[in-house]
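These notes are about the structure you will find just below.
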Amino acid sequence: MEQYALDQLKTIAKVSTTCKRLEMTRRERLERWAESLERSPRPFLRTLHETEYKSIADRLALRDDDTPISVAFADPILRAAGMENDSYGEAKRFFEFSDEQLHDLVCFCHFGESVSAAVIARRLRKMANYKPDGFFAQLRAFFG
């Protein structure tokens, strides 16, 4: 693949440097990630080691190739919606996860060296469809 500087491209094509971000709800982002995992050519993906024992800075920067997070980042729709890289911290921000939620999806201690892409897809769908119940959830829904 050839690479060109922006000035070179402007001589042969109309180049827009602004791109409107694709708006997606959290649920849509989680569903899209699940779909990406189901389409993944790799049935098993790497896990991230000991996420819970890393310092906050190290945890947020943590990444590896061929992980569930890298599958999400490879999806052009998720990138258009604002996913900036395939780090743990970016997945946490972009998919609106707590550390505990993301740890449960990608950490070595739950799955070993690798995890089935289908297993993670199922877990993501469950999270996407989760609706809290109970008195306090009803209050939050009522008052926003």
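The values are calculated or read from the model by the stated rules, or taken from the named source; none is laboratory data. The model shown is predicted, which means the values in this text are computed figures rather than measured ones. Every residue, glycine among them, receives a Cβ derived from its backbone with ideal geometry; neighbour counts consider all protein chains shown.
Tell me whether region 41-61 contains one or more residues that are among the small types (Gly, Ala, Ser) and touching a Leu at 6+ places or on another chain (Cβ under 7 Å).
no
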Are there any pairs with C-beta distances below 8 angstrom linking a residue in region 83-94 that is hydroxyl-bearing (Ser, Thr, Tyr) to a residue that is at pLDDT below 95, with the two at least 6 apart or on different chains, and if so which? 88/51
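From the set of residues in region 81-92 that are assigned to a loop (DSSP other than H, G, I, E, B) and out of contact with any Phe, Trp or Tyr (no Cβ under 7 Å at 6 or more places or on another chain), which is nearest to residue 39 (Cα to Cα)? First the steps, then the outcome.
Here is the first cut: in region 81-92, the ones assigned to a loop (DSSP other than H, G, I, E, B) are 81-87.
Checking which are out of contact with any Phe, Trp or Tyr (no Cβ under 7 Å at 6 or more places or on another chain) leaves us with 81, 84, 87.
Details: 81: 19, 84: 21, 87: 21 Å.
That would be 81.
Among the residues of region 95-121, which ones are free of Cβ contacts under 8 Å to residues at least 12 places away in the same chain and not aliphatic (A, V, I, L, M)? Outline the logic, then answer.
So in region 95-121, the residues free of Cβ contacts under 8 Å to residues at least 12 places away in the same chain come out as 97-98, 100, 119.
97, 98, 100, listed by residue number.
Select from region 57-80 the residues that are part of a loop (DSSP other than H, G, I, E, B) and crowded, with 17+ Cβ neighbours inside 10 Å and list them in ascending order. Explain how you work it out, then say what you get.
Residues of region 57-80 part of a loop (DSSP other than H, G, I, E, B): 62-67, 75.
62, 63, 67, 75 - these are the residues of region 57-80 that are part of a loop (DSSP other than H, G, I, E, B) and crowded, with 17+ Cβ neighbours inside 10 Å.
Is at least one residue of region 7-15 under 25 Å from residue 129 (Cα atoms) and among the β-branched types (Val, Ile, Thr)? Full working, then the answer.
The first filter runs over region 7-15 and keeps only residues under 25 Å from residue 129 (Cα atoms), leaving none.
No - not one qualifying residue is present in region 7-15.
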